[in-house]
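As structure tokens, the structure follows; a few thoughts come after it.
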Amino acid sequence: MRILFKSVLILDSTSSYFQQKVDLLAENGIWKEIASSISSSADTIVDCENLSWYPSVVDLRVHHTLPGGEFKEDWNSLQAAALRGGVLDLALLPTGNPVPQQSEAIKFIRNQSQGVNYYPIAPLTIDNKGENFTDLYDLQLAGAQWFSHGSGSLQNTDLMVKCLQYLQTLPVTMVSRPDTEGLSLYGQIHEGLQSTLMGLKGIPVLTETLSIKRDLDLLRYVQNHSFGNGSGGFKLHFSCLSSKESVALIRQAKQEGLSVSSDVAIHQLIFTESDLADFDTNKKVNPPFRTQEDQDALWSGLQDGTIDAIVSDHHPVEIELKEIEFDQASFGVVGLETLLLALLQAAKQRNISSIDSWIHHGPAKLLGIEASQLGLGHISKGVLVENKSMEFQESMMLSKSKNSVFLNHRFDHQIVGVVNGSIYTSF
């Protein structure tokens with residue numbers, strides 16, 4: 001199988017062809033020829049105006065609905081939505097019902113990889129209840145390299161420190177979505193001017209920063225008392241940062257030499273609290289959209305390396321829990337199909353020319369997988385994007401759940417194809 005891509009602008013910053021327009025010829029999933037012009041025959045020729053090439057998206061945060069939530073997302077719709085968004089590698093949170101917490105469940109999820117690669121995140125505690133440990137070591141042997149307390153933060157300090165003590169001896173990543181539940185309880189949106197105007201209980205920044213400070217202090221304690229048993233491959237990862245203060249805490253921790261990393265959800269980089277004035281429940285997310293100052297700090301954190309990755313925080317929610325009163329609606333948005341498109345548009349507005357380190361190279365390194373390389377002899381893997389505007393409609397969505405924050409939003413780009421080895425999927 002030979003596929004020829006004509007006149008493609010390369011926007012993979014690690015490639016020697018970066019910012020050059022070239023022809024690309026792949027044969028049986030391997031780059032066979034890269035040149036300014038290729039006249040070789042091919043089974044498939046892709047030739048569109050204004051084509052750009054990006055490495056595929058590695059998404060570190062996807063809420064898993066399986067088993068038990070097939071009505072929100074099943075294996076087929078998950079794969080279709082991921083492909084549509086150029087996401088070929090994704091980490092699945094342990095949020096199914098029942099929770100996938102046995103070695104066999106981890107192996108089963110990994111074996112579902114067809115067209116896209118799934119990396120199951122294992123639960124820290126049984127049923128995500130924060131009471132008793134899962135078989136952490138067995139789950140790691142089964143292939144789990146990341147561990148989390150469901151989609152949130154382990155509130156029990158004693159359990160948290162014990163998880164750190166145990167897992168820091170292994171080359172794994174422990175994930176925390178920082179939240180102090182006693183402070184965020186019943187909260188709806190960011191605690192500030194907009195929550196006052198809308199008459200809704202706010203979620204203060206303190207709920208996030210207090211959680212980060214606790215976890216960093218516990219990490220310091222554990223690493224200072226590891227007696228040489230700590231693994232150099234262990235990392236504590238903070239997911240979905242949303243505030244200026246949080247970025248500052250992670251920046252300080254990295255400068256201190258702590259084994260930490262972090263990510264931010266794409267919607268946090270685009271919307272602020274003022275965008276909730278229309279009471280659109282699709283914009284109800286946790287952590288909530290915060291201030292413009294917070295958003296600017298998140299972008300600064302990306303640019304100076306404090307934040308390592310941008311995630312979709314893909315969270316399918318059935319329509320019955322979105323088309324109701326705002327204070328009764330569930331948190332969450334779907335984002336696999338729009339992560340890359342939204343980032344390209346937001347980066348353009350901020351005059352940022354290179355985004356691939358935040359969606360591919362950085363998250364691939366954190367996930368422990370090999371990043372793709374655009375060069376002769378390497379596996380062909382990436383996303384073709386056309387510089388052509390389009391309005392994102394519900395009818396276009398391949399996810400079973402339609403709770404997108406970008407409905408009726410006009411993007412400057414379209415994804416026209418995804419390459420994964422010898423498989424080319426066109427749209």
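Where a number appears in this text, it was derived from the coordinates with a stated rule and is not lab data. Fair warning: this is a prediction, and the values are worked out from it, not measured in the lab. Cβ coordinates were reconstructed from backbone atoms using ideal geometry, including for glycine residues, and neighbour counts include every protein chain displayed.
Measuring between alpha carbons in the structure, the pairs from Lys21/Lys381; Lys201/Lys400; Lys162/Lys213; Lys322/Lys400; Lys381/Lys402; Lys107/Lys129 lying more than 25 angstrom apart are Lys201/Lys400; Lys381/Lys402.
For the peptides 337-350, 79-92, the ranking by mean Cβ contacts within 10 Å, running from highest to lowest, is 79-92, 337-350. For the pair Phe279 and Lys21 in one chain, pulling the backbone fully straight at 0.36 nm per residue adds 88.4 nm over the alpha carbon distance.
Taking label positions 7 Å along the Cα-Cβ direction at both Arg110 and Leu206, the computed distance is 4.4 nm, reported to one decimal. An ellipsoid equivalent to the chain, defined through the eigenvalues of its Cα gyration tensor, has semi-axes of 34, 26, 21 Å when rounded to whole angstrom and sorted largest first. For the stretch 397-405, backbone phi angles converted through the Karplus equation (6.51, -1.76, 1.60; θ = phi - 60°) give residue-by-residue couplings of 6, 9, 5, 5, 8, 10, 7, 9, 6 Hz, Gly and Pro being listed as x. Applied to the stretch 53-66, the Karplus parametrisation 6.51 cos²θ - 1.76 cosθ + 1.60 on θ = phi - 60° returns per-residue 3J(HN,Hα) values of 10, 10, x, 5, 7, 10, 9, 8, 8, 10, 6, 8, 9, 10 Hz, with x for Gly and Pro.
What FRET efficiency do you get for His378 and Arg220 if R0 is 56 Å and r is their Cβ-Cβ distance, rounded to the nearest 0.05?
The computed FRET efficiency comes out at 0.90.
With N as its number of residues, the stretch 214-295 has a Cα radius of gyration that, divided by 2.2 N^0.38 Å, comes to 1.39.
Normalising the Debye intensity of the stretch 301-425 to I(0), with uniform scatterers on Cα atoms only, and taking log10 at q = 0.10, 0.12, 0.14, 0.21 Å⁻¹ returns -0.40, -0.57, -0.77, -1.37. Helices in the chain, meaning DSSP H runs of at least 4 residues, each add -39500 (n - 2.57). Divided by all residues, the mean residue ellipticity at 222 nm is -7500 deg cm²/dmol.
With contacts taken as Cα pairs under 8 Å at a separation of at least 6 residues, the chain carries a relative contact order of 19 percent. Taking 0.36 nm per residue of separation and subtracting the current Cα-Cα distance, fully stretching the chain between Leu197 and Gln292 would add 32.5 nm. Sites listed here are GluC sites (Glu not before Pro) in the stretch 12-49 whose DSSP assignment is loop and whose Cβ has at most 10 other Cβ atoms within 10 Å: Glu49. Take the Cα of Leu258, step 7 Å toward its Cβ, do the same at Leu141, and the gap between the two points is 3.2 nm. With R₀ set to 51 Å, the beta-carbon distance separating Gln393 from Gln102 gives a calculated FRET efficiency near 0.80.
Using only side-chain charges placed at the Cβ, +1 for Lys and Arg and -1 for Asp and Glu, the dipole size of the stretch 39-129 relative to its Cα centre rounds to 400 debye.
The reciprocal of the average 1/r between distinct C-alpha atoms defines the Kirkwood hydrodynamic radius, which for the stretch 120-227 equals 15.1 Å. Label zone of Phe427 (point 7 Å out along Cα→Cβ, amide N under 13 Å): in the stretch 305-337 this covers 335-337.
Summing Cβ point charges (Lys, Arg +1; Asp, Glu -1) relative to the Cα centre of the chain gives a dipole of roughly 720 debye.
Between Ser148 and Ala122, Leu124, Val175, the built amide H atoms are under 5 Å apart, and every one of these is 5 or more places off in sequence or on another chain. Computed extension gain for Glu181 through Gln155, at 0.36 nm per residue and net of the alpha carbon distance, reaches 8.6 nm.
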